[in-house]
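The structure appears below as structure tokens.
The values are calculated or read from the model by the stated rules, or taken from the named source; none is laboratory data. The model shown is predicted, which means the values in this text are computed figures rather than measured ones. Cβ placement follows ideal geometry from the backbone for every residue including glycine, while neighbour counts extend to all protein chains displayed. All accessible areas refer to the heavy atoms of the entire protein, side chains included, with ligands and DNA or RNA removed. Shrake-Rupley method; radii C 1.70, N 1.55, O 1.52, S 1.80 Å.
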Amino acid sequence: MFNYLKSSLEKIYTTFTQKVHALFGRATIDQETLNELKTLLIGADTGIQTTNAIISTLENDVAKGLIKKGEDLKAALEKQLVQHLTTHTSAENSSVYLLVGINGSGKTTFAGKLANHFQTQGKRVLLVAGDTFRAAATQQLDQWAQRTNADIIIGKPNQEPASVVFTGCETFKNKHYDILIIDTAGRLQTKTNLMRELKKIKSIITNQLPTHTVATLLTIDAMLGQNSFDQAKLFHESTDLSGIVLTKMDGTGKGGIVFSITQELQIPIAFISFGEQLNQIEQFDPQKYVAQILQ
């Protein structure tokens, strides 16, 4: 699985990696080198605020004599990037997973992979098809349930999502499942109604399952750059996200926006999802991710 992720990251960061390695090969590091690095980071969609914070720390290290040559710069940059991806909260050890995100972000596919992730650990998983407005979403989730041997709660077409979630929570409690995974609608074009709907769903989960840890995960297309940041900001303001799921990691583009999301919004990256196979999912490891980018 890691080889697949490795090749995906190589596609995403090839241009960045090639150029930054030229900086790592320099015998001395000066302000011009740091300016070049700043341009590369911004070009990879790392974000101006986050990039400025990284460069400022590196400038101080250069002034103190801690960074003298290229290999020093690489070590210091790697440390900075890992720190920017590490937050104090985590989606691990939760029993309820509420999945949010716009249509087309890979949310339903991730729900199926997450179900398989827990099923292979011997846990009993219940899926809830909370996107009642899109028949294709319900059908897709039902197919994933069959592939993973997970149980599923499906409502009627256009049924209020909150009522389906209520039934799901009741079933989860009464039949003593280990994991509850709730898929939701993602109609961002009607964001006011969507966010109101999500708040209602979270309220039902809290009332029905007060002793359970709930992780609200946002799926975002890893290749969308600034649009991904805007989505994360909007959803976080409305539903208090526990973590981000980077989907479609098998594409090409700029993935540096993850550093802005974790640093500026203080939301951890929880999982990476790539490809269409059941096992193409991985819990996010900041050190592994950064090491692969700079390799």
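Given (1) open to solvent by 10 Å² or more (accessible area, probe 1.4 Å); (2) touching a strand residue (DSSP E or B) at 6+ places or on another chain (Cβ under 6 Å); (3) modelled with pLDDT of 85 or more, identify the lone condition not met by ALA215.
(1)
Which residues, taken from the range 256-279, are surrounded by fewer than 20 Cβ atoms within 10 Å (Cβ to Cβ) and either under 10 Å from the mean Cα position of the chain (by Cα) or part of a loop (DSSP other than H, G, I, E, B) (or both)?
Scanning the range 256-279 gives LEU265, GLN266, GLY275, GLU276, GLN277, LEU278, ASN279.
Hey, among GLN283, GLN208, GLN189, GLN287, which residue is surrounded by fewer than 20 Cβ atoms within 10 Å (Cβ to Cβ), modelled with pLDDT of 80 or more and closer than 28 Å to ALA135 by Cβ?
On the way: GLN283 fails: closer than 28 Å to ALA135 by Cβ; GLN189 fails: modelled with pLDDT of 80 or more; GLN287 fails: closer than 28 Å to ALA135 by Cβ.
It is GLN208.
Where residues in the range 16-50 are buried (at least 18 other Cβ atoms within 10 Å of the Cβ) and under 13 Å from SER260 (Cβ atoms), which of them is farthest from the chain's Cα centre (by Cα)?
Looking at the filtered set, the residue picked out is LEU41.
Within the bounds of the range 162-173, is there any residue that is open to solvent by 40 Å² or more (accessible area, probe 1.4 Å) and assigned to a loop (DSSP other than H, G, I, E, B)?
no
Any residue at all in the range 239-249 that's outside any helix (DSSP H, G or I), touching a Gly at 6+ places or on another chain (Cβ under 7 Å) and either closer than 30 Å to LYS79 by Cβ or modelled with pLDDT of 90 or more (or both)?
Within the range 239-249, the subset outside any helix (DSSP H, G or I) is 240-249.
Pick out the ones that are also touching a Gly at 6+ places or on another chain (Cβ under 7 Å) and you get 247-248.
The next check asks that each one be either closer than 30 Å to LYS79 by Cβ or modelled with pLDDT of 90 or more (or both); those that pass are 247-248.
Checked against the condition, which is being outside any helix (DSSP H, G or I), touching a Gly at 6+ places or on another chain (Cβ under 7 Å) and either closer than 30 Å to LYS79 by Cβ or modelled with pLDDT of 90 or more (or both), the range 239-249 yields at least one hit.
State all residues of the range 33-49 that are in contact (Cβ under 8 Å) with a residue 40 or more places away in the chain and touching a Leu at 6+ places or on another chain (Cβ under 8 Å); if no residue qualifies, say none. Steps first, please.
First, the residues of the range 33-49 that are in contact (Cβ under 8 Å) with a residue 40 or more places away in the chain: 33, 37, 41, 43-47, 49.
Within the range 33-49, THR33, LEU37 qualify.
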